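Read the structure below first, then the notes.
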Amino acid sequence: MKKKITIKDIAKEMSVDPSTVSKALRNQSDISIEMQKKIKRFADKVGYRPNLLAKSLINKRSNILGVIIPDLRISFFSEATRGIYEEATKNGYETILLVHDENAENEKRKLEFLSDINVDGILLNAVDETTNLDLYKRLDAEGIKIICWDRKLKDSNFNSITINDKKASFELTNKLIENGRRKIMFIGPNTGIPVAQDRFEGYLMALKENKIRVRKNLILETERTFESAHNTLYTAIQSGADLDAIVCVGGLIAYGAGNAILECKLRIPEDILLCEFGDNDIISRLGVPFYTVNQNPYKIGQEAVNFLIKCLKNGTNSAKSINIEVEHKILYRSTGVQR
């Protein structure tokens, strides 16, 4: 394997001191312009690339942002990530994208890796509020700025970029009621992460405002997976659950629920009206109409990067309990998601 060219190699070939090469590559004034050009031409010729980690230790800046993502199968996360890396690139930063797959131990390893390579900041979409909270706080104390996106951490002071999930869920549930549906199920986690809690509270608020009784058998708590949503709903329907609409916490849950409904020989939307958060492409595989909350993921990604860069440039605290809300829309998709 070919050895990577170092400053010492260049210095040896040009018969100069390594410090001269280092200064020339950084345009320092005590090295003549002629010598700077000569060293840079030779460095280009031999394919020299600076050691970014060593450089970041010297400059105390790496110009790298870490991005923690729950699941790349969901188009909401993919589109938000696109907003993140495009905005970061525009501002002179590189991004490292890491996926935790809703697993707290995975998340811990990814965060420790980002700390080890000395990223300037982290855009965090957390697994939950508590498991790795001490680690978030330690990284922040070490000077690594953290901004939460999509999922805020209510019991901490970390700044965040989200939609108003409670309001969105209230509006979504109201839309079902406007369509004449009264037996509305809520499926997904309704405790744990604040985004799930807020969506559940919005659902309950809409039922209360419309004087619809909350039925415990129409609240199905599942994991954030296709399998959990599918199996739980399929069993409920086969056991006689009576529903005419369903509010799903997220895309994978909606996809699992939709498959369960169709496997039970029920029609969407005639028998059960389906709705979800995220305007996710995966739902179009069902080939049925559905309501969705478009969360403006690209904008969330952009705003998260800009907020983080502002904290980095101004040296301000990234843990001040500031939450910026991005506008959302309730949409009806008649033939799947249109981009």
Practice problem: Looking at region 1-138, send over the antiparallel percent of its DSSP beta bridges, to the nearest 5. | Solution: 0
Practice problem: Please work out whether the chain counts as rounded, prolate or oblate from its C-alpha gyration tensor, where a ≥ b ≥ c are the square roots of the eigenvalues and a/c under 1.5 means rounded, while otherwise a/b larger than b/c means prolate and anything else oblate? | Solution: prolate
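With a Förster radius of 56 Å, plug the Cβ-Cβ distance of LYS12 and LYS137 into 1/(1 + (r/R0)^6) and report the FRET value to the nearest 0.05.
My answer for the efficiency is 0.75.
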Practice problem: Sequence neighbours fewer than 8 away in the same chain don't count; with that in mind, list the lysines whose C-alpha is under 16 Å from LYS313. | Solution: LYS60, LYS90, LYS145
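Given a Förster distance of 22 Å, report the FRET efficiency between ILE33 and LYS90 from their Cβ-Cβ distance, rounded to the nearest 0.05. If you can, show how the numbers build up before the last one.
On the way: r = 31 Å, r/R0 = 1.42.
Step by step, r from the Cβ atoms, then E = 0.10.
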Quiz item: Which shape class, rounded, prolate or oblate, goes with region 7-50 when its Cα gyration tensor gives a ≥ b ≥ c as root eigenvalues, a/c under 1.5 marks rounded, and past that a/b bigger than b/c marks prolate?
Solution: prolate
Practice problem: Have a look at region 119-202 and give its Rg and Dmax from the Cα atoms, expressed in angstrom. | Solution: 16.0, 54
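Of the DSSP beta bridges with both residues in the chain, give the percent that are antiparallel, rounding to the nearest 5.
Numbers: 5 of 36 bridges.
That works out to approximately 15 percent antiparallel.
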Quiz item: Sorted by mean Cβ packing within 10 Å, highest first, what order do the peptides 85-91, 197-203, 40-46 take?
Solution: 197-203, 85-91, 40-46
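Could you tell me which of rounded, prolate or oblate describes region 165-294, using a ≥ b ≥ c as the square roots of the eigenvalues of the alpha-carbon gyration tensor, with rounded for a/c under 1.5 and, failing that, prolate when a/b is larger than b/c and oblate otherwise? Display every interim value, and only then the final one.
Values: a/c = 1.30, a/b = 1.19, b/c = 1.09.
Verdict is rounded for region 165-294.
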Quiz item: Of the residues SER321, SER29, SER78, which exhibits the maximal mean-square fluctuation in a Gaussian network model of the chain defined by a 10 Å Cα contact cut-off?
Solution: SER29
Exercise. Pick out which of CYS311, CYS148, CYS248 has the largest mean-square fluctuation in a Gaussian network model of the chain, springs linking Cα atoms closer than 10 Å.
Key: CYS311
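Laboratory data are not the source of any read-out in this text; all were calculated from the coordinates shown. Not measured: the values here are computed from a predicted model. Neighbour counts run over all protein chains shown; Cβ positions are idealised from the backbone, glycine included.
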